[in-house]
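The values are calculated or read from the model by the stated rules, or taken from the named source; none is laboratory data. All values reported here derive from a predicted model rather than from experimental measurement. Here Cβ is always computed from backbone atoms with ideal geometry, including for glycine, and neighbour counts include all displayed protein chains.
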Amino acid sequence: MSNATESAPASASDAKSPRARITAVTSGKGGVGKTFIAANLAAALAARGERVLVLDADLGLANLDVVLNIAPKVTLHDVFTGQATLDEALTEVSGGFTVLLAGSGMVEYSRLTPEVRDKLTDTLDAVAPRFDHVLLDTGAGISDVVLYTVSLADEVLVVVTPEPTAMTDAYATIKVLAGAQQRRKIRIVVNQRAAATEARAITAQLQQVIDRYVSPGLDAPLLLDLVGDVPADDSVRDAVRRRQLLNDCFPGSAAARAVVALAVRLGRARG
């Protein structure tokens, strides 16, 4: 641990305190591989020497534990209710990174109450100085819980697939983030793409619609930044069935290499 983790917690006004880069991994709809991307991206970043935390911010409908095949002994719910400490909830996994799991089926987290908002903010403030990169695996869509979680991030990574419904919902999410959070750059990952050119075509199509219907109402144009694309690959399906990370079971697969490339591009895109 760094000295910051051994000393008293840093105050918000202490500009010199180290703080993780916070990336919200989100999507317009479920079923596009958002959590799978978040977990495998975390492993790729950890392999590059970063201290990485994945915070399962899909409060109430969490499934990061399913993807990683781990049984959560302590969850965010336990931390929020004072039944466990934050240190007890942080779990190191085989990919070389740390996870903070949320409880599943918790109806009290389906809407953004002042208590949920404050607890989530306090938790993120507490963990940010302890890692180099925090990935927020949010819920899908534009609920108030999802939007507030995304608002806590330095940058947004929207996962989309070539399916028309996924693209439509991604556009809706991007539009809301531009208006409600004044986001002017949003990063895109195209998952399950077929041809090598498909990711750029999808991003260009989304950008064209944004240029026509969203940017004219903003103070500055909204730009999409394609930082990665993961091909449709049988190894992904097999890894999901095995509940393992790609790099653990299929390290040389096309999908695994694509996730590594995504980690590299995110590093280059800093700042």
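Kindly indicate whether any position in segment 59-74 is among the basic types (Lys, Arg), assigned to a loop (DSSP other than H, G, I, E, B) and either within 14 Å of the chain's Cα centre (by Cα) or under 21 Å from ARG257 (Cβ atoms) (or both). Checking segment 59-74: not a single residue is among the basic types (Lys, Arg), assigned to a loop (DSSP other than H, G, I, E, B) and either within 14 Å of the chain's Cα centre (by Cα) or under 21 Å from ARG257 (Cβ atoms) (or both).
If ASP225 meets every condition in (1) buried (at least 17 other Cβ atoms within 10 Å of the Cβ); (2) assigned to a strand (DSSP E or B); (3) free of Cβ contacts under 8 Å to residues at least 60 places away in the same chain apart from one, which number is that one? Result: ASP225 fails condition (1) only.
Scoring ALA178 on the criteria (1) farther than 16 Å from GLY141 by Cα; (2) outside any loop (DSSP other than H, G, I, E, B) leaves a single failure, condition (1).
Looking only at residues that are out of contact with any strand residue (DSSP E or B) (no Cβ under 8 Å at 6 or more places or on another chain) and within 18 Å of ARG265 (Cβ to Cβ) in segment 197-222, which one is surrounded by the most Cβ atoms within 10 Å (Cβ to Cβ)? Spell out how you get there, then give the answer.
First, the residues of segment 197-222 that are out of contact with any strand residue (DSSP E or B) (no Cβ under 8 Å at 6 or more places or on another chain): 197, 201, 204-205, 208-209, 211-221.
From the residues that got through so far, the ones that are within 18 Å of ARG265 (Cβ to Cβ) too are 197, 204.
Numbers: THR197: 10, ALA204: 12.
Among those that are out of contact with any strand residue (DSSP E or B) (no Cβ under 8 Å at 6 or more places or on another chain) and within 18 Å of ARG265 (Cβ to Cβ), it is ALA204.
Based on this model, can you work out whether ILE70 counts as among the hydrophobic types (A, V, I, L, M, F, W, C), at pLDDT below 95 and out of contact with any helix residue (DSSP H, G or I) (no Cβ under 6 Å at 6 or more places or on another chain)?
When the stated conditions are applied, ILE70 passes them.
When the residues of segment 137-155 are filtered to those that are among the hydrophobic types (A, V, I, L, M, F, W, C) and in contact with a helix residue (DSSP H, G or I) (Cβ under 6 Å, 6 or more places away or on another chain), the one that is nearest to GLY30 (Cα to Cα) is ILE142. Scanning segment 66-75 for residues that are surrounded by fewer than 21 Cβ atoms within 10 Å (Cβ to Cβ) and free of Cβ contacts under 8 Å to residues at least 60 places away in the same chain yields ILE70, ALA71, LYS73, VAL74.
How many of the residues in segment 32-58 are more than 11 Å from LEU136 (Cα to Cα), touching a helix residue (DSSP H, G or I) at 6+ places or on another chain (Cβ under 8 Å) and part of a loop (DSSP other than H, G, I, E, B)? Qualifying residue count for the region: 4.
Please find, among LEU120, LEU147, the residue that is of a type outside the set (Lys, Arg) and touching a Phe, Trp or Tyr at 6+ places or on another chain (Cβ under 9 Å).
Numbers: LEU147 fails: touching a Phe, Trp or Tyr at 6+ places or on another chain (Cβ under 9 Å).
It is LEU120.
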